[in-house]
Amino acid sequence: MAKLEKTKTPGIFKRGNRYAVIYRDGGGQQRQESARTYDEARRLRTKRAAAVTDGSYQPQTRERLAEFAAAWTRATRATGVAASVRTQGVNTGATCTDT
């Protein structure tokens, strides 16, 4: 693995022919992502810093869709959300020719 070389921007390092962006998430855990260019890395760092600051940051997960769906189904059964969604009459009867 190539060594990280400092750049003039804190939190951005050159690694081989790419740039590594290192930041801390809302819980204080260090995260790292990569970008192709220096400008792209600067934009990514700014975007992540803003998301962490305003609380909208969601770390990427490797959760499979089937696992997510099973957890969602269990949670909605417990709260009754799925049943209420089915009974709300989602079909409005509108067609493509209606204006």
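If amide hydrogens are placed 1.01 Å from N in the peptide plane, which non-local residues have theirs closer than 5 Å to the one on T7?
I12, K14
For a quick check: with amide H placed at 1.01 Å from N, whose amide H comes under 5 Å from S34's, ignoring anything fewer than 5 positions away on the same chain?
It is V21, by chain and number.
Quote the FRET efficiency, to the nearest 0.05, computed for R43 versus K3 with a Förster distance R0 of 30 Å and r equal to the Cβ-Cβ distance.
0.80
Please report, to one decimal in angstroms, the Kirkwood hydrodynamic radius of the stretch 1-82 built from all distinct Cα-Cα pairs.
Answer for the stretch 1-82: a Kirkwood hydrodynamic radius of 15.0 Å.
Show me, for the stretch 15-30, the HN-Hα J-couplings you get by feeding each phi into the Karplus relation (A = 6.51, B = -1.76, C = 1.60, θ = phi - 60°), rounded to Hz, glycine and proline as x.
Working through the residues one at a time gives 9, x, 9, 10, 10, 9, 10, 10, 8, 10, 7, x, x, x, 7, 6 Hz.
FYI, it's all coordinate maths here, none of it is from the lab. Just so you know, these numbers come straight off a predicted model, no measurement behind them. Positions of Cβ are backbone-derived with ideal geometry, glycine not excepted, and every protein chain shown enters the neighbour counts.
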